[in-house]
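**Student:** Have a look at this one.
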Amino acid sequence: MKFSIIVPVYNVEKYVGSCLESILKQDYTNFEVIIVNDGSCDGSEEIIEQYIQVDARFVQYKKTNGGLSDARNYGVKKATGDYLIFVDSDDTIHPSLLSTLNQIIEKDKAPDLIRYQLVLRYDENSQERLCPGKQFHNQRGFEAFKELIQESFFEPAWLYAYRKKFYNRYHFRFEKGKYHEDFGLLPYVVLKAKTVSAINFYGYYYLIRKDSITTSQDQSKRKKRVYDVLDLYDLLKVTITNDKDLTLEEKKFVYSYLANALLKKGKDLDPNELNSYIRELKKRQIALDLQETSFLHRIKRWLVQHFMKFYILYLGK
């Protein structure tokens, strides 16, 4: 079984060496590393070249800067492996990730998706925190979706291995130029999978650094992240609505998930900017998409319909 590890790189000379080193140290050898140099103008390329010279499995593709989504999509086109793995260039992976995945692939008869567990690493103090998640084997996509979204509304692309034939069959692509690009794709990928396995293996080490996109306190960037999620919601809503393989009840469940994600994201906005965002949510009538399967759900839906700002600021998780 061959793995294609796709590593987008853009101006991360401080971190990319550690990332590539963690891949080089894998105890499973049948893999390729597709390094997409997305227009770096720092010392990243020199570091990449060192690994290319040491190991022929490491290949660099250079392109003009197009953002993370564009780099990932580019890497998928170059991949020749049986499974795809995305690794961000400031993160690292466990030395036994690939060998563990290979065992699961053999045991579970090549599932479309395999999810592993996350370790958070903090750049400023070198501390680590385990983030335990669900565990199951060979669940149907919708059933897996119901379990996984209890953990997070925003599942990251780098926490999964994707069977390439499955990935290419549906022409999955990350939306270019958007923050939270994973939100625009991962829910649908999980839903379309015939089989999903989630394993108890801490395989991915995510670095939390002060200067990253996700931790930036720059208000304009925070606002863009929120409205990008709104744009991605619009695209996902159409995709889910037009999918003939999903039942009406399944679609209703997904709509409720999407509506909750929008409510949660509103917390990232400055209170003065929240009114405009709420007007956009009301245009989309997201309150009507919230499930009413219990008394508490009905109360929540009523609150969102009539006191959305209060709900977002004080009651939403």
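The values are calculated or read from the model by the stated rules, or taken from the named source; none is laboratory data. Model, not experiment: these values are computed from the prediction. So basically every Cβ, Gly included, is an ideal-geometry build from the backbone, and we count neighbours across all protein chains shown.
**Student:** Please work out if residue 277 is outside the structural domain of residue 106 (by TED's automatic domain parsing), touching a residue at least 12 places away in the same chain (Cβ under 8 Å) and over 27 Å from residue 87 (Cβ atoms).
**Tutor:** Considered against the rule, which asks whether it is outside the structural domain of residue 106 (by TED's automatic domain parsing), touching a residue at least 12 places away in the same chain (Cβ under 8 Å) and over 27 Å from residue 87 (Cβ atoms), residue 277 comes out as yes.
**Student:** Can you tell me which residues in the stretch 242-281 are closer than 17 Å to residue 183 by Cα and of a type in the set (Ser, Thr, Tyr)?
**Tutor:** Residues satisfying the conditions are 255, 256, 257.
**Student:** So, in the stretch 67-86, of the ones that are within 14 Å of the chain's Cα centre (by Cα) and crowded, with 23+ Cβ neighbours inside 10 Å, which residue ends up farthest from residue 161 (Cα to Cα)?
**Tutor:** 68
**Student:** Which pairs have Cβ atoms under 9 Å, sit 6 or more apart or on different chains, and link a residue in the stretch 299-315 that is farther than 11 Å from residue 287 by Cα to one that is of a type in the set (Phe, Trp, Tyr) and in a helix (DSSP H, G or I)?
**Tutor:** Close Cβ pairs (under 9 Å, with a partner that is of a type in the set (Phe, Trp, Tyr) and in a helix (DSSP H, G or I)) amount to 312/277.
**Student:** Additional query: Residues to consider are 153, 183; find the one that is among the aromatic types (Phe, Trp, Tyr), surrounded by fewer than 21 Cβ atoms within 10 Å (Cβ to Cβ) and under 25 Å from residue 231 (Cα atoms).
**Tutor:** 153
**Student:** Scan 14, 62 and give me the residue that is of a type in the set (Lys, Arg) and over 24 Å from residue 210 (Cβ atoms). Give the derivation first.
**Tutor:** Values: 14 fails: over 24 Å from residue 210 (Cβ atoms).
Going through 14, 62 in turn, the sole match is 62.
**Student:** Which condition does residue 235 not pass, out of (1) free of Cβ contacts under 8 Å to residues at least 60 places away in the same chain; (2) surrounded by fewer than 18 Cβ atoms within 10 Å (Cβ to Cβ); (3) part of a helix (DSSP H, G or I), if it passes all the others?
**Tutor:** Against the list (1) free of Cβ contacts under 8 Å to residues at least 60 places away in the same chain; (2) surrounded by fewer than 18 Cβ atoms within 10 Å (Cβ to Cβ); (3) part of a helix (DSSP H, G or I), residue 235 comes up short only on (1).
**Student:** Quick check on my filter: what residues within the stretch 149-174 are of a type in the set (Phe, Trp, Tyr), more than 15 Å from the chain's Cα centre (by Cα) and assigned to a helix (DSSP H, G or I)?
**Tutor:** 166
**Student:** Out of 7, 33, I need the residue that is buried (at least 23 other Cβ atoms within 10 Å of the Cβ), touching a residue at least 24 places away in the same chain (Cβ under 8 Å) and farther than 18 Å from residue 156 by Cβ. Which one?
**Tutor:** Answer to the check: 33.
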